[in-house]
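The structure under discussion appears below in the form of structure tokens.
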Amino acid sequence: MKNQKYDIIIIGGGVIGAAIARELGQYDKKVLVLEANPRVADETSFANSGLVHGGFDATPGKLNAKLGVEGKHRYEDWIKEMEFPYKRVPSIVAAFDEADLDQVQVLYDRGLKNGLKPEEMKILSKEEVKKLEPHISDDVVGALYCDSSIALQTPSLTRVLFMNAIKNGVTLKTGCKVTNITKQDKTFKVDTNQGQFESDFIINVAGHYADEISKMAGHDEFKLVARRGQYRILEKTASWIVKNVVFMVPTIHGKGVVVAPMLDGRVMVGPTATENIAKDKTRIIDPKVYDEIGEIGTRMFPEIPMDETITTYAGSRPIEPENDDFWIKPTKTDDHFINVAGMKSPAISSAPAIADMVIDLLQDANKKPFAKNKNYDPIQKTNWGLDL
């Protein structure tokens, strides 16, 4: 029988699990990734805005602010090493009244505190905004401009990360649902519908269900709630309406609705933010919200052809409400069990930095650095023939 013992088990095959797996490929460790769904990136990583944000929105001092900016810079390494679809697209946070304009100044100041360089951002006048976005509403009074954001396709990125991880010795099992976790003599025993696997470390990055996985292992330390965001996607024939990623001023519930060009030439409008959704209902489309998206899109761009909507979908973000921040830490009683939870925005932006942080936590718990993988190859050409 094939050896079922691993050094590290990662529970969760979204973009964060993939990032951690890919970066662990640098080390001489036997790594297993368990994904409950038939395919990777099939939940939160499937339906989102697909943006590496500039870094001006997160609250200074929070972990997600720090990792968002660090991760954005680390994407430059990934872009050099791996082939995945992306485009450098400036972002504009548009103000439509004086209160919005005050918030734009707040965002600019936050960006500086979070480590952005002054040359990455600029506060624009109405005339400057209209020059960049001729079809935006005449009600616009100004905006924050940031030139360091990146648009990408999160599922495609996730697959490429896993391709490179597998190339460097990581094992991925899809359709493999964890049913129980115990620990005996310093070894975790993970029961699944595909058998039992053992490991010295567990990294729990199970999205909405990370709190349940942690509790299953005896560590009931945090709770997650789901926030649903709904989108409308317009035909490529609507691409004339917008050139940059244009946000409304964000609210306490999210970064703000965005009208943005997609990599394939279509136009994205959304997301909304609906709080406290049942974890099994995050993909449900609400007809009222569909109309609300149209109203917001038209408010931002009066000429936007919302009747050219070709699809709509709903995505979700797992929120840790107590701190409203990433939850990346070992459990209180076991530093070999690391929770990576509360992966709301800017989790995609932060993915490379989250992976770096988790590896640091693993090596701290190990009491010494991991040996390097002598055959590690960071280069990954796209291979869409590999079905993940």
Those strands (runs of 3 or more DSSP E) lying entirely in the range 119-234 with at least 2 residues of a type outside the set (D, E, K, R), touching a residue at least 60 places away in the same chain (Cβ under 8 Å) and crowded, with 23+ Cβ neighbours inside 10 Å: 142-146, 195-204, 225-234
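Is it the case that some residue within the range 16-35 is over 25 Å from Lys381 (Cα atoms) and crowded, with 18+ Cβ neighbours inside 10 Å? Walk me through how you get there before you give the answer.
Initial filter on the range 16-35 (over 25 Å from Lys381 (Cα atoms)): none.
Within the range 16-35, not a single residue is over 25 Å from Lys381 (Cα atoms) and crowded, with 18+ Cβ neighbours inside 10 Å.
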Top-ranked residue in the range 176-213 [being touching a Phe, Trp or Tyr at 6+ places or on another chain (Cβ under 7 Å) and hydrophobic (A, V, I, L, M, F, W, C); ranked as nearest to Gly14 (Cα to Cα)]: Ile202
Unmet criterion (only one of (1) touching a Phe, Trp or Tyr at 6+ places or on another chain (Cβ under 8 Å); (2) surrounded by fewer than 16 Cβ atoms within 10 Å (Cβ to Cβ); (3) in a loop (DSSP other than H, G, I, E, B)) for Ile79: (3)
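I need a count of the residues in the range 339-387 that are among the β-branched types (Val, Ile, Thr) and under 12 Å from Ile16 (Cβ atoms). It would help to see each step written out before you state the result.
Pass one, the range 339-387, residues among the β-branched types (Val, Ile, Thr): 340, 348, 354, 358-359, 379, 382.
From what is left, the residues that are under 12 Å from Ile16 (Cβ atoms) are 340, 348, 354, 358.
Going through the range 339-387 one residue at a time, the tally reaches 4.
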Filter result (at pLDDT 90 or above and more than 15 Å from Ala47 (Cβ to Cβ)) within the range 261-277: Pro261, Leu263, Asp264, Gly265, Val267
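Given the residues Phe326, Phe370, which is the only one that is among the aromatic types (Phe, Trp, Tyr), farther than 25 Å from Thr59 by Cα and surrounded by 15 or more Cβ atoms within 10 Å (Cβ to Cβ)?
Details: Phe326 fails: farther than 25 Å from Thr59 by Cα.
None of the other options fit; the residue is Phe370.
The values are calculated or read from the model by the stated rules, or taken from the named source; none is laboratory data. These numbers were taken from a predicted model, which means no experiment stands behind them. Don't worry about glycine lacking a Cβ; one is built from the backbone with ideal geometry, like all the others, and counts go over all protein chains shown.
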